[in-house]
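Following: one structure in structure tokens, then a few remarks.
The values are calculated or read from the model by the stated rules, or taken from the named source; none is laboratory data. Quick caveat: nothing in here was measured; it's all calculated off a predicted structure. As a convention, Cβ positions derive from the backbone with ideal geometry for all residues, glycine included, and neighbour counts pool all protein chains shown. Surface accessibility is based on the protein's heavy atoms, side chains included, excluding ligands, DNA and RNA. Shrake-Rupley method; radii C 1.70, N 1.55, O 1.52, S 1.80 Å.
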Amino acid sequence: MKASKESIENLVKNASLAVGDMYPFIKQDMHVMAECDDGVSPLLRLVPELRMNVRFILVDLESSFRALMNAGSAVEKRLHLINIRADIYESYKLLYGYGKSRQHTAWSKIGGELQALQESSAEKAYGQLKKEYDAITPLLVRIKTSIRDKDNRNLTYHYDGNLLNVYQNILEATDEEGMCRRIIPIFDSLLAVLIFCDHVELVEKSKGYVLPKTDVRDDYKLTIQKLFAKALGSNVHMKLITKRFLDNASQIDTLARTTKSLVNIQEYAKNNCPLIDFPEAGNMVKMSQTHLLIQIMLVNIASDINAYLNSGSEPEFAFIMRRLAITRYAVLSQLFGYSDDERENSLWASIYKMIPENYDAFVCSAKQIRMELENLIDASDKKIRTLYTHLINRRRNNVPAIIATMEAANPVTELKKTEAFVRATTKISRFLKALMDKLAKDAHAKVN
């Protein structure tokens, strides 16, 4: 049965309220973690970290889920669906862990502490906590993601050298109802973990162990995001640009079909005419891939900006805004490269090499574009993107650093970076069209 418009609106509203209510407690848990000393038992010391992780995941997923429910077009919904899948994958890694990294999660450490206490103490309360822990663990295991989720995560956060893989991943993201069915049990499991944390705290309090008291005051950093979004939302020019990008989303399908056809021609020539050199096919594939990359990026950015403008609570603005940094870095890595090695193998390097030396005007334009791309490279973006896409890195929990970085982010600076990025890439699109036309014209002239 389909949900009514009213029930969806209530769901969206309640998700926003939950995010706003829960976020301050993430900050509180961060401060409690920092204040814990040897006077706090090893078991209790893990509680604020686990609680912080769970609340961060809830805020993150609910922000993304609300963006999905608010999305006004099919392509926006697809992009939010792949974002949620990527977030679930990273959340599972933080909460329960994969392979050898599992032992470093707070959940695993709490299990180890309870096992040791149960074996060394006759106290029934620890046995009860262990039973509760063992009952919740299968719920967390059921969240477990698949290899397809891992592929989706990598394609979402990093894109891919083969843009057809990115396109196919977006194309397959259609099951909104299935995502709702998947995410609701995750929320239920996370709430069970929060209740478990309260039980651990009560048992430890009865033993004389308490967590330090902290006074966390609202520093209103995220209020700036809300005020900025309100001003941005009244900007008619911005609305027109995002609408244009989304209205042109069908170009992605056209470019994907063109790229696939060119790849097939290249493969056919390689397999059936091995003695014939056919560099033009490879050049056309690179140019078509670049067009496809830029078009996907423009729609992605438009989708993120719309989600940002439609955020309901202050924390949502920061959680959605970070997606712009992730997208910008992923595309620039493929298009131009941050390191020398990346630049050598980038799409732009391939395009630059295919410009004939006697195309003076094109060489000049290419050099100007290169300078613009170089100006877009910010070394701090790599560190920030790595942080945003890895909630836990081996032994290190990145949640406190992510929160601090999101709160410190200047929305005006982020948007200016994104605007400069869009301007440079649209120049590249025009440049590529002109170059392809010129190369085709000259090739036709040679034949005749």
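Run down the lysines and flag those whose C-alpha is under 22 Å from the C-alpha of residue 270, throwing out any fewer than 8 positions away in its chain.
Straight-line reach from residue 270, under 22 Å: 260, 286, 353.
If contacts are Cα pairs under 8 angstrom and at least 6 residues apart, what is the relative contact order of the range 322-406 in percent? If you can, show how the numbers build up before the last one.
Numbers: 50 pairs, mean separation 23.6, N = 85.
Once normalised by length, the contact order is 28 percent.
If you average the sequence gap of Cα pairs under 8 Å that are 6 or more apart and divide by the length of the chain, what percent do you get for the contact order? Mind showing how you got there, number by number?
Values: 444 pairs, mean separation 87.7, N = 448.
Value for the chain: 20 percent.
Pop the C-beta distance of residue 232 and residue 142 into the FRET formula with R0 = 41 Å and round what comes out to the nearest 0.05. The partial results should precede the final answer.
Values: r = 40 Å, r/R0 = 0.98.
Computed FRET efficiency for residue 232 and residue 142 comes out at 0.55.
Figure the gain on full extension for residue 194 and residue 31 (residue separation times 0.36 nm, minus the Cα-Cα span) and round it to one decimal in nm.
That pair, residue 194 and residue 31, stretches by 56.9 nm at full extension.
Given the C-alpha centroids of the range 296-312 and the range 91-165, what is the distance between them in whole angstrom?
Here the answer is 31 Å between Cα centres.
If the elastic network links every pair of Cα atoms under 10 Å, which of 282, 72, 208 fluctuates the most in the Gaussian network model of the chain?
Result: 208 has the largest fluctuation of those listed.
Can you give the convex hull volume of the alpha carbon atoms of the range 226-375 per residue, in Å³?
Details: hull volume 22.1 nm³, N = 150.
Hull volume normalised by residue count: 147 Å³.
Calculate how large, on average over all directions, the projected area of the Cα convex hull of the range 299-448 is; give the answer in nm² to one decimal.
Values: hull surface 44.6 nm².
The orientation-averaged projected area of the Cα hull of the range 299-448 comes to 11.1 nm².
Normalised by the residues of the range 351-448, what does the relative contact order come to in percent, with Cα pairs under 8 Å and at least six apart?
Working: 29 pairs, mean separation 31.2, N = 98.
That works out to 32 percent.
Over all alpha-carbon pairs in the range 103-191, figure out the percentage whose distance exceeds 22 Å.
Working: 1963 of 3916 pairs.
For the range 103-191, the fraction of Cα-Cα distances above 22 Å is 50 percent.
Tell me which label goes with the value of Cα extents along the principal axes in Å computed from the coordinates here: (1) 58, 52, 44; (2) 67, 52, 50; (3) 94, 52, 48.
Label (3) holds the value from this structure.
Name the shape class, rounded, prolate or oblate, that the alpha-carbon gyration tensor gives for the range 171-292, where a ≥ b ≥ c are the square roots of its eigenvalues, rounded holds for a/c under 1.5, and otherwise prolate holds if a/b is larger than b/c and oblate otherwise. Mind showing how you got there, number by number?
Working: a/c = 3.26, a/b = 1.98, b/c = 1.64.
In terms of gyration-tensor shape, prolate.
Just to be sure I understand the curve: with the Debye formula and one point per C-alpha of the range 288-343, what is log10 I(q)/I(0) at q = 0.18 Å⁻¹?
-0.65
If you wrap a convex hull around the alpha carbons of the range 315-378, what volume per residue comes out, as a whole number of Å³? Walk me through the intermediate numbers first.
Values: hull volume 5.4 nm³, N = 64.
Roughly 85 Å³ of hull volume per residue.
Within the range 78-118, whose backbone N sits under 17 Å from a point 7 Å along Cα→Cβ of residue 125?
Answer for this model: 113-118.
Send over the per residue convex hull volume for the range 9-129, Cα only, as a whole number of Å³.
On the way: hull volume 15.8 nm³, N = 121.
Given the Cα convex hull of the range 9-129, per-residue volume reads 130 Å³.
With each label point set 7 Å from Cα along the Cα-Cβ vector, what nm distance links residue 150 and residue 264?
3.2 nm
Springs between alpha-carbon atoms under 10 Å, Gaussian network over the chain: tell me which of 422, 166, 363 tops the mean-square fluctuations.
363
Label residue 221 and residue 359 with points 7 Å out from Cα along Cα→Cβ: what is the distance between them in nm?
It works out to 4.7 nm between the two label points.
Hey, in the GNM for the chain with a 10 angstrom Cα cutoff, which one of 433, 100, 144 fluctuates hardest?
100
Could you give me the radius of gyration and the Dmax of the range 110-251, taking only the C-alpha atoms into account and expressing both in angstrom?
In Å, with Rg to one decimal and Dmax whole: 23.7, 69.
If you project the alpha carbons of the range 85-143 onto their three principal axes, what span does each projection cover, largest first, in Å?
For the range 85-143, the Cα extents along the three principal axes come out at 43, 19, 13 Å.
Okay, helix-only estimate at 222 nm for the chain: each DSSP H run of n ≥ 4 adds -39500 (n - 2.57), divide by all residues, round to 500 deg cm²/dmol; what do you get?
-26500 deg cm²/dmol
With 19 Å as the limit, write out which pairs from 100/144; 383/417; 130/207; 150/417 have Cα-Cα distances beyond it, or answer none.
Violating the 19 Å limit, Cα to Cα: 150/417.
Which one, 302, 56, 101, projects farthest toward the positive side of the charge dipole computed for the chain from Cβ point charges (K/R +1, D/E -1)?
The residue sitting farthest along the positive end of the dipole is 302.
Heavy atoms only, probe 1.4 Å: what % of the accessible area of the range 48-88 goes to carbon and sulfur, would you let me know?
Numbers: 320 of 740 Å².
It is 43 percent, rounded to a whole number.
Please state the shape class of the range 67-116: rounded when a/c is under 1.5, otherwise prolate if a/b exceeds b/c and oblate if not, all from the C-alpha gyration tensor.
Numbers: a/c = 7.76, a/b = 3.50, b/c = 2.21.
In terms of gyration-tensor shape, prolate.
Assuming 0.36 nm per residue, please report the length gained on full extension of the stretch residue 250 to residue 213 beyond their Cα-Cα distance. Mind dumping the intermediate values first?
On the way: separation 37, 0.36 × 37 = 13.32 nm, distance 5.48 nm.
This chain segment gains 7.8 nm when fully extended.
Per residue, how much accessible surface does the chain expose to a 1.4 Å probe? Answer in Å², no decimals.
Values: 22520 Å² over 448 residues.
I get 50 Å² per residue for the chain.
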